[in-house]
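The values are calculated or read from the model by the stated rules, or taken from the named source; none is laboratory data. No experiment lies behind these values; they were computed from the predicted model shown. Because the Cβ atoms are built from the backbone with ideal geometry, glycine has one as well, and the counts that use them run over all protein chains shown.
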Amino acid sequence: MRAARLLQQGVSEAEVARCVGAHRQSVNRWAQQLAKGGRPALKRAPRTGRPPQLSAVDRQRIEQGLKHGPEALGYRTGLWTAWRVADLIERECGVKYSTVHAWRVLRALGWSPQRPAGRALERNEAAIRRWKRERWPKLKKTLKNGGKRSSSSTKAG
């Protein structure tokens, strides 16, 4: 739109190209569109390519399925894999995607791949905090000589 303003003010196409950082041929095309249809003719062209197969409602259903976890689909663990996400999309929306595209859908929904923390189910967080606070300082080695570090040179004199 800045280029359109400059063109309407009578600035040369070459100067407009320098000002907006575009190629001169692009500015020439914009000038022709501007002459034919005014500023509305410069609006972005409609998106080309294959239309998306998932609607906004489909994406909401996928997100709900992700929140329920893979166990709701009958899997044993709570880990979402690319295969499982593709399976969820196919079950919920009837659209078959490759595993690569399933991850693209996840990223579009704001989800990111993460690894679960490998922690024991029997883990007692309160006992761990207490051990770190009370027992670990007693076991931890400290430097002798008041904390002065020793060093030796590996270089020859």
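Results, tabulated for the structure shown:
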read-out	value
Flag if Trp111 is surrounded by 12 or more Cβ atoms within 10 Å (Cβ to Cβ) and not acidic (Asp, Glu)	yes
Options Lys96, Lys141; residue that is modelled with pLDDT of 90 or more and outside any helix (DSSP H, G or I)	Lys96
Where Leu42 falls short, out of the listed (1) touching a residue at least 24 places away in the same chain (Cβ under 8 Å); (2) more than 30 Å from Met1 (Cα to Cα); (3) of a type in the set (A, V, I, L, M)	(2)
Search result, residues across segment 14-30 that are over 35 Å from the mean Cα position of the chain (by Cα) and crowded, with 18+ Cβ neighbours inside 10 Å	Val16
Complete set of residues in segment 121-138 that are hydrophobic (A, V, I, L, M, F, W, C) and either surrounded by 10 or more Cβ atoms within 10 Å (Cβ to Cβ) or over 30 Å from Ile62 (Cα atoms) (or both)	Ala126, Ala127, Ile128, Trp131, Trp136
